[in-house]
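Written below as structure tokens is the structure these notes are about.
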Amino acid sequence: QLQASGGGLVQAGGSLRLSCAASERTFRQYFMGWFRQAPGKEREFVSAISWNGYTTSYATSVKGRFTISRDNAKSTVYLQMNSLKPEDTVVYYCVADQFPTGWGTSNPGFGSWGQGTLVTVSS
């Protein structure tokens with residue numbers, strides 16, 4: 001089970017931090033990530049992190065603004081979002097997989113998805 005939180009309303013240029021708590025006791029064995037989806041559009045990869053946190057991956061659209069991290073002791077993954085733009089207004093989903101497909105590509109595959117959390121950036 002993946003429980004995302006931290007979404008909300010923020011002005012353009014502001015920051016938010018999303019959190020995703022996992023109930024899986026083997027959390028430290030999982031690659032974790034974030035996707036997002038706007039209404040009527042396909043889900044878009046945002047960022048991912050390896051099981052040990054040593055390797056991260058970002059979509060071009062968020063590189064330099066977003067930072068993914070994890071705390072295996074708390075079974076939680078975070079997405080720090082800075083310099084937010086109105087186009088970042090979408091629902092964000094937390095994902096997990098022990099062996100994600102296409103790691104390092106622009107669209108890796110993750111098998112487990114949590115519920116979304118809405119981020120709204122006002123201009």
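The values are calculated or read from the model by the stated rules, or taken from the named source; none is laboratory data. In this text the structure is predicted, and so the values were computed from the model without any measurement. Don't worry about glycine lacking a Cβ; one is built from the backbone with ideal geometry, like all the others, and counts go over all protein chains shown. Heads up: the accessible areas ignore ligands, DNA and RNA and are worked out on the full protein's heavy atoms, side chains in. Shrake-Rupley method; radii C 1.70, N 1.55, O 1.52, S 1.80 Å.
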With a cut-off of 8 Å between alpha carbons and a minimum separation of six or more residues, what is the relative contact order of the chain in percent? 35 percent
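By the scheme Lys and Arg +1, Asp and Glu -1, what is the net charge of all other residues having a beta-carbon under 15 Å from that of residue 38?
Around residue 38, the surrounding residues sum to 0.
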What is the set of long-range amide H partners of residue 89 at a cut-off below 5 Å, with H atoms built 1.01 Å from backbone N? 121
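Given charges of +1 on the Cβ of Lys and Arg and -1 on the Cβ of Asp and Glu, with all other atoms neutral, how large is the dipole of the chain about its Cα centre, in debye to the nearest 20? Let's see the in-between values first.
On the way: 11 positive and 7 negative charges, 39 e Å.
Dipole of the chain, to the nearest 20 debye: 180 debye.
Around residue 89, what is the net charge, scoring Lys/Arg as +1 and Asp/Glu as -1 over all other residues with Cβ under 13 Å from its Cβ? Each step should come with its number before you reach the end.
Numbers: positive: 36, 41, 85; negative: 44, 87, 88.
Once all neighbours under 13 Å are counted, the net charge is 0.
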Karplus ³J(HN,Hα) for region 79-90 (6.51 cos²θ - 1.76 cosθ + 1.60, θ = phi - 60°; Hz, whole; x = Gly/Pro) runs 10, 7, 10, 10, 6, 5, 10, x, 6, 7, 6, 7
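Got a number for carbon plus sulfur as a percent of the chain's accessible area, 1.4 Å probe?
Working: 3080 of 6450 Å².
C and S fraction of accessible area: 48 percent.
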HN-Hα J couplings of region 112-118 from phi, Karplus 6.51/-1.76/1.60, θ = phi - 60°, integer Hz, Gly and Pro as x? 10, 10, x, 6, x, 10, 8
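Answer rounded, prolate or oblate for region 48-113, using the Cα gyration tensor with square roots of eigenvalues a ≥ b ≥ c: rounded when a/c is under 1.5, else prolate when a/b is larger than b/c, else oblate.
Working: a/c = 1.65, a/b = 1.35, b/c = 1.23.
Since a/c reaches 1.5 and a/b is larger than b/c, the shape of region 48-113 is classed as prolate.
Could you sort 106, 19 by accessible area so the largest value comes first, with the probe set to 1.4 Å?
Result of the area sort, largest leading: 106, 19.
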Within region 64-90: backbone nitrogen closer than 15 Å to the residue 15 label point (7 Å, Cα to C-beta): 64-69, 78-85
What is the sum of charges around residue 68, taking Lys and Arg as +1, Asp and Glu as -1, for the other residues whose C-beta is under 14 Å from the C-beta of residue 68? +4
For region 87-122 and region 1-26, compute the distance between their C-alpha centroids and round to whole Å. 11 Å
